[in-house]
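J.: Mind looking over this structure? Questions follow.
What follows draws every value from the coordinates through simple rules; no lab data is involved. Here the structure is a predicted model, which means the values were calculated and not measured.
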Amino acid sequence: MAKVKQETHNVKLHVQFAAEVIEKGAIALNPHGERYSEATIRERLNMRDFMDTMRASGIQTGGPALLNQRDRQRFANELDKWLLKQRSILKGSVTIQ
């Protein structure tokens with residue numbers, strides 16, 4: 001976590017880790033291709049806590065939705081956008097002599 005910088009991109013299903021990544025100014029993307037924001041990560045943390053409470057009271061809950069082709073495409077598109085942005089940033093910082 002100490003190496004996370006603003007330009008870092010992280011793919012993570014673990015919501016708490018994604019929240020910490022966002023807090024440091026980096027980008028967090030879940031396996032379904034959703035790019036977390038401060039608002040959406042708060043929502044996910046609240047839902048995680050609620051589901052933990054439900055499970056602790058004996059209610060059985062399901063797991064995360066399975067990945068489908070649309071999720072894979074969304075993930076690939078978001079990752080591609082980030083990579084292109086990083087490439088343009090790097091090109092802009094290189095001086096040609």
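J.: Compute the length gained on full extension between SER57 and LEU84: take 0.36 nm times their separation in residues and subtract their Cα-Cα distance, giving the result in nm to one decimal.
T.: Value of the extension gain: 5.1 nm.
J.: Okay, moving on. Could you tell me the convex hull volume per residue, in Å³, taken over the Cα atoms of the range 11-95?
T.: 87 Å³
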